[in-house]
1. Within the range 57-89, track down each residue that is assigned to a helix (DSSP H, G or I) and surrounded by 11 or more Cβ atoms within 10 Å (Cβ to Cβ).
2. Could you check how many residues of the range 9-21 are of a type in the set (Gly, Ala, Ser) and within 19 Å of the chain's Cα centre (by Cα)?
3. Restricting to the range 1-34, what's the tally of residues that are assigned to a strand (DSSP E or B) and in contact (Cβ under 8 Å) with a residue 12 or more places away in the chain?
4. Can you tell me which residue is modelled with the highest pLDDT among those in the range 40-89 that are of a type in the set (Lys, Arg) and over 24 Å from the mean Cα position of the chain (by Cα)?
5. Looking only at the range 1-20, count every residue that is closer than 17 Å to residue 36 by Cα and of a type in the set (Val, Ile, Thr) and tell me the total.
6. Looking only at the range 31-50, filter to residues that are among the hydrophobic types (A, V, I, L, M, F, W, C) and surrounded by 12 or more Cβ atoms within 10 Å (Cβ to Cβ); which one of those is nearest to residue 4 (Cα to Cα)?
7. Hey, does the range 43-56 have a residue that's without any contact (Cβ under 8 Å) to a residue 60 or more places away in the chain and not in a helix (DSSP H, G or I)?
Amino acid sequence: MMTYFHEALSRKIDVKVGGKIRTMSAREGIARNTTNLALKGDAKIIPLVLAIEREVSVVLTRKKIETITDNMTPQEAMGLYRRTLRGED
């Protein structure tokens, strides 16, 4: 079932944008249409768009977590572990 959704959302469609025809994925078309509805003041869509934007921001700003490796000394591994728990860089 998930494969069908992935395929359907990935397929290319033609959309009229600013008087010109653009080819984009169905996923992008849905995102653009939903955002446009929010911009027009659709009260049901605005919270959805803002919630999605928050989730996307979290994913885009997520830092790469350094991994403890076998070639680290126990002190280096412990220091990295502590920094990770504290949320330090």
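1. Looking only at the range 57-89, we keep the residues that are assigned to a helix (DSSP H, G or I), and these are 57-61, 74-86.
Residues satisfying the conditions are 76, 77, 78, 79, 80, 81, 83, 84.
2. The number of residues fulfilling the criteria is 1.
3. Residues meeting the conditions: 6.
4. First, the residues of the range 40-89 that are of a type in the set (Lys, Arg): 40, 44, 54, 62-64, 82-83, 86.
Next, from what is left, pick out any that are over 24 Å from the mean Cα position of the chain (by Cα): 82-83, 86.
Numbers: 82: 89, 83: 85, 86: 80.
Among those residues, the one meeting the criterion is 82.
5. So the count comes out to 2.
6. Here the answer is 31.
7. Within the range 43-56 (the criterion being without any contact (Cβ under 8 Å) to a residue 60 or more places away in the chain and not in a helix (DSSP H, G or I)), the answer is yes, since at least one residue qualifies.
The values are calculated or read from the model by the stated rules, or taken from the named source; none is laboratory data. Model, not experiment: these values are computed from the prediction. Positions of Cβ are generated from backbone atoms using ideal geometry, with glycine treated the same way; all protein chains shown enter the neighbour counts.
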